[in-house]
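Reviewing the structure listed below.
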Amino acid sequence: MEKTISKYTLFEYLSGRANPLERQLVEEWIVRKENAETFHRWLLEYETQSPQFVPNQDIALENLLLRLNSTLEEEGEWKKEEGEDDGGGPSWFARRSNRFWVAAASVTLLVSCGWWFREPIQYKSYQTAYGQTTDVYLEDGSRVALNSNSKLKVPRLGFWGDVREVVLEGEAEFSVSHTIDHKRFVVKTSEKFQVEVLGTTFSVFARPRGTKVALKSGSVRIDYSQDNRRREVMMEPGDLAFLDQAGAVQLEKKQDVKTFAPWTEQRYVFNGTPVKEILAMIEENFGQKVMLSDSNIAQRSITGNFKTKNADELLRTISEVLDLRVEQNGTSILLMNN
C-alpha cells in the first residue's frame, strides 16, 4: 500500500519535531521519484516561511572588507619582522592573500546566483504559444484570459501582504475579484508602468509596439513614471488609455467596450484600423510575418467585426475586403494588389 504524508508532517520533520514514526514515513516518502516535485515545492514553502538564515548582504560585505584590511595589516607587520621569503616559491603572504580573494569571489558568486535565480523561485509563469489562448484562475478567485504569445507571472507561494501583484508580458483580460480586506490588485508591465484595481474587468496590452489599458467595468488607476516623476491617471468604464511616444498616458473616453479584448471570443474588431497595424497584430499573435508588395497598402484601413480562428482566415478576410491577393512560399507570406 502506497504511503502518503501531509505537508504538516513534512514541516514537522524539517523542523526536527517529528516523532520516530513520522520520520520513517517522511524518509520513505522522499526517496520515491513521483514525490520529488511535491517535496521541492513544500520545501521551498517551508524555507520561505521559516528561513534558517536570513543574510544581510551589506553587513557581510562590510565584515569581509574588515577582515581583508585586517589581514593586510597583519601581513605588513609580519613582513617587517621576518623579512622577505627566500624565493623558493610563493610567499606565505601571497598564499594567504589568494585564499582571501578566492573566498571573496565565492561570496560574490553566491550572492549573484541568488539574485539571478530569485525570479523562478518567487514566481510561477503561465505562457501561451502563438495562436494559443488560455484562462488562468488565481487563488483569490480572479480570472485572467491570456492572449497568444503572452506571459503571466504570479507569486509561487500565493498573495502575501496587502497587495496582489502579477507581472504581464503581452496581452490579457483581467476579471478581478474583490476581497473582504480590500486588498489591492496590481498588474505590472514594467518598472515604470502598472495598473492598480480593487475589483473590475479590464484588459492590458503590453507589447514592444505599445502599451494600452481598456476598462470595461469598475475603476482602475494607472501609475507610471515620466521624466523621473511619478504620475497617475484614473480611468472610468469605457476609457481606453495608451502610452504615447513621450511616455505620457493619454485617455480616449466613452469607447465601445465590446471592442475591448475581442480575441477572447476569437473575434477581431476593426474601426478604421490600418493594414500595417493588423499585420503587426498577426505577427504578435500568430508568429507569422507578412510582407507587402506595395507600401501604400499599409495605410489602407478596415472597419468590421470578423470571427477568425487563425492567421490564414484573417488574411483571407483582409484580402477579400480590400481586393488583395495573398501569396505564400514556404514560411514567406506576401500581400499584394490584384
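The values are calculated or read from the model by the stated rules, or taken from the named source; none is laboratory data. On a predicted model such as this, the values are computed, not experimentally measured, just so you know. In this analysis, Cβ positions are derived from the backbone assuming ideal geometry, glycine residues included, and neighbour counts consider all displayed protein chains. Protein only, heavy atoms only, side chains kept; ligands, DNA and RNA dropped before computing areas. Shrake-Rupley method; radii C 1.70, N 1.55, O 1.52, S 1.80 Å.
If R0 is taken as 35 Å, the Cβ-Cβ distance between Thr179 and Arg41 corresponds to a FRET efficiency of 0.90. Calculated accessible area for segment 156-219 comes out at 44 Å² per residue, all protein chains present (probe 1.4 Å; ligands, DNA, RNA ignored).
Does segment 226-338 come out rounded, prolate or oblate, given a ≥ b ≥ c as the square roots of the eigenvalues of its C-alpha gyration tensor, rounded meaning a/c under 1.5 and, failing that, prolate meaning a/b above b/c? Note, shape of segment 226-338 comes out prolate. Checked against a 32 Å cut-off, the cross-linked pairs Lys151/Lys254; Lys192/Lys307; Lys183/Lys307; Lys7/Lys183; Lys33/Lys289 give Cα-Cα distances beyond that limit for Lys192/Lys307; Lys183/Lys307; Lys33/Lys289. Between Asn338 and Tyr126, the modelled labels are 4.3 nm apart [label points 7 Å from Cα along Cα→Cβ]. Going by the alpha-carbon gyration tensor, a ≥ b ≥ c the square roots of its eigenvalues, is segment 140-266 rounded (a/c under 1.5) or, if a/c is not under 1.5, prolate (a/b greater than b/c) versus oblate? Rounded is the answer for segment 140-266, as its axis ratio a/c remains below 1.5. The apolar share of the surface of segment 255-300, taken as the fraction of accessible area on carbon and sulfur atoms (1.4 Å probe, ligands and nucleic acids excluded), comes to 44 percent.
Amide H contacts under 5 Å for Ser142: Ser177, restricted to partners 5 or more places along the chain or on a different chain, H placed in the peptide plane at 1.01 Å from N. When a/c reaches 1.5 or more, the comparison of a/b and b/c decides; with that in mind, is segment 8-50 rounded, prolate or oblate per its Cα gyration tensor? Oblate, because a/c is 1.5 or more while a/b does not exceed b/c. At an R0 of 45 angstrom, the distance between the Cβ atoms of Asp223 and Asn305 translates into a FRET efficiency of 0.85.
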